[in-house]
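Have a look at the structure below, then the notes.
The values are calculated or read from the model by the stated rules, or taken from the named source; none is laboratory data. Nothing here was measured: the structure is a model prediction, and the numbers come from that model. Cβ atoms come from the backbone with ideal geometry, glycine included; neighbour counts cover every protein chain shown.
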């Protein structure tokens, strides 16, 4: 099965180079190719879900070769990115009629998909840096794709600060290479000593801080969030959905968690490095959202608040793991990964549902209902996934001995439904009565994401817990298991 | 710790300072380029060896062990090449967008551009 891993990068990358060469007519040729590739990627991600293994490119073993690694943490994020990607492509095919340069748009979207998948699977920190750059450079262009002044201004601010943040990541990679002579994640996991409750050495702290700045920017965590509301408000709706639902979760939060947990290992200091921006994003995002008029900016700040929950959960998991409190750490880690998936799916759904009201769309009652499912999950209304993931994070904070943090997280969670209820007229598309008719491709995108949001809500059920949340928890916390991937004969183990 | 590392760090901070204090798009782009140059220098230094030879095997160095003991580390150089390519594409993109913005707003000042763009959004 691991032989399928390189296809997740090769298919969209290949398509990205073919798409600009396609003739302008028939117009649907590019749509068809992009749709086929995204559909194939979703099938691949489905086949790979629940599996683990490593693929060595060209048969070269690390450290000479580079590898792609799949485990309980990367597989669900890959599935999230593939689902959001297919939804974005379906939605775009109906939404793009107002733009020119259709095939170039598809090429950039495919390039971004390749970068995101590579980021999720890459087994070494330098290649991951390159894949992140492939994804974000495409996203800078896509944010400004309309060519309007507002979009270009958002794109250049996002791009300039993003380029600087990328150099922080690269400097972190260089420091780790200078210290340990390898960039392979599994080898680093085996050679960087876990500090536990002690303070890590200054050079390791420095490298971790550089990584935190680099990936924190891509996660849009406060105080490095400044690009995100502008970019999400100015980008075309499907691009905003893809950014919020795949790029931020994968190239930001996932990459940050993988670096701190697997490369650096559990240490209290790193835990607090995550808890500080986490708590700040959570509270600031919720408060700032209150004061914004533009519905997309409101959703963006709510997204910052959700990223805050994820980072708080990860930080708590880190501190508790360093103290050796396995149970509470496991709950926090599972809650954080679960909230990452819930946030990605729900945010993408909300941006797409809002997009049905933009020209040429005439939203029907159903697209408002789909948006409601996304809002319910992000706001944390009980039967939906977002409620359970927030509950898990709050419970882990409480039982882990952070009563104040638990109170802050619970208070913010209680305010969210109020906030969403008061703004319902603005961020939900207003149905155009009987004249309302959502184009079939847009409807398909909304159905796909609604199914993902509702499906994720089932994950905490006792029978299903061991399929998604259990492996995810183990993959986040178990550093030795990741290092063992590269041992001869162990590579293919489930 | 050689003083060269200190200089690299100073260069890095110069770039960060420029990025935080300047508002002109061209100067911001230059600041990013300065940061990038500092990081690339650091990468090359990570593989540097006093009196080392180029990591290319020729007839002059038939002994692999002796060659490996003297050659500089080629891996950081490969990383620098990749990083330069990424930096170049970013630079081209940023300059392109800046020119478009200048055509629209007649200024390179990022604050003025954002203010004008916000007015437009209303």
Original post:
Which residues, counting only those in segment A:297-325, are surrounded by fewer than 22 Cβ atoms within 10 Å (Cβ to Cβ) and either at pLDDT 95 or above or touching a helix residue (DSSP H, G or I) at 6+ places or on another chain (Cβ under 8 Å) (or both)?
Top reply: A:297, A:322, A:323
**OP:** Sort out which residues of segment B:49-95 are within 14 Å of another protein chain (Cβ to nearest Cβ), surrounded by 13 or more Cβ atoms within 10 Å (Cβ to Cβ) and more than 18 Å from residue B:35 (Cα to Cα), and write them in order of number.
**Re:** B:72, B:73, B:75, B:78
**OP:** Could you tell me which numbered condition residue A:54 fails, if it satisfies all but one of (1) outside any helix (DSSP H, G or I); (2) farther than 30 Å from residue A:180 by Cα?
**Re:** (2)
Subject >> The listed residue being in a helix (DSSP H, G or I) and farther than 27 Å from residue A:276 by Cα, out of A:373, A:336, A:348, A:406 >> reply: A:373
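Do we find that residue A:256 is away from every other protein chain (no Cβ under 13 Å) and within 16 Å of the chain's Cα centre (by Cα) in this structure?
On the way: away from every other protein chain (no Cβ under 13 Å): yes; within 16 Å of the chain's Cα centre (by Cα): yes.
Criteria met by residue A:256.
Would you confirm whether or not segment A:282-301 contains a residue that is in a helix (DSSP H, G or I) and under 28 Å from residue A:204 (Cβ atoms)? Let's see the steps before the verdict.
So the first thing to find is which residues in segment A:282-301 are in a helix (DSSP H, G or I), and the list is A:282-290, A:295-301.
This time we only want the ones that are under 28 Å from residue A:204 (Cβ atoms), so: A:282.
Yes: one or more hits.
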Original post:
If you scan segment A:366-378, which residues turn out to be touching a helix residue (DSSP H, G or I) at 6+ places or on another chain (Cβ under 6 Å) and farther than 20 Å from residue A:337 by Cβ?
Top reply: A:367, A:370, A:371, A:373, A:375
**OP:** Run residue A:383 past the list (1) closer than 27 Å to residue A:410 by Cα; (2) outside any loop (DSSP other than H, G, I, E, B) and report the number of the one that doesn't hold.
**Re:** (2)
Subject >> Residue list for segment A:452-463, filter: in a helix (DSSP H, G or I) and either touching a strand residue (DSSP E or B) at 6+ places or on another chain (Cβ under 7 Å) or modelled with pLDDT of 80 or more (or both) >> reply: A:452, A:453, A:454, A:455, A:456, A:457, A:462
Subject >> Unique residue being more than 9 Å from every other protein chain (Cβ to nearest Cβ), assigned to a helix (DSSP H, G or I) and in contact with a helix residue (DSSP H, G or I) (Cβ under 8 Å, 6 or more places away or on another chain) when the list is B:112, B:120 >> reply: B:112
Subject >> Any chance residue B:107 is more than 10 Å from chain A (Cβ to nearest Cβ), surrounded by 14 or more Cβ atoms within 10 Å (Cβ to Cβ) and part of a loop (DSSP other than H, G, I, E, B) >> reply: yes
Original post:
Which residue, of A:235, A:222, A:163, A:231, is within 21 Å of the chain's Cα centre (by Cα), under 30 Å from residue B:111 (Cα atoms) and modelled with pLDDT under 90?
Top reply: A:222
Original post:
For segment A:133-184, how many residues are touching a residue at least 40 places away in the same chain (Cβ under 8 Å), farther than 25 Å from residue A:123 by Cβ, more than 7 Å from chain B (Cβ to nearest Cβ) and not in a helix (DSSP H, G or I)?
Top reply: 3
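Quickly run through segment B:30-48 and pick out the residues that are within 21 Å of residue B:70 (Cα to Cα), facing chain A (nearest Cβ under 9 Å) and assigned to a helix (DSSP H, G or I). Full working, then the answer.
So the first thing to find is which residues in segment B:30-48 are within 21 Å of residue B:70 (Cα to Cα), and the list is B:41-48.
Checking the rest, the ones that are also facing chain A (nearest Cβ under 9 Å) come to B:42-43, B:45-47.
Within segment B:30-48, B:42, B:43, B:45, B:46 meet the criteria.
With respect to residue A:399, determine if the residue is under 21 Å from residue A:367 (Cα atoms) and in contact with a helix residue (DSSP H, G or I) (Cβ under 6 Å, 6 or more places away or on another chain).
No.
Out of everything in segment B:9-29 that is at the interface with chain A (Cβ under 8 Å from one of its Cβ atoms) and under 18 Å from residue A:153 (Cα atoms), what residue ends up being farthest from the chain's Cα centre (by Cα)?
Here is the first cut: in segment B:9-29, the ones at the interface with chain A (Cβ under 8 Å from one of its Cβ atoms) are B:12, B:15-16, B:19, B:25, B:28-29.
Filter once more, keeping what is under 18 Å from residue A:153 (Cα atoms): B:19, B:25, B:28-29.
Numbers: B:19: 13, B:25: 17, B:28: 13, B:29: 11 Å.
That would be B:25.
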**OP:** Please state which one of B:88, B:11, B:6, B:81 is out of contact with any helix residue (DSSP H, G or I) (no Cβ under 8 Å at 6 or more places or on another chain), at pLDDT 85 or above and either under 27 Å from residue B:110 (Cβ atoms) or assigned to a loop (DSSP other than H, G, I, E, B) (or both).
**Re:** B:88
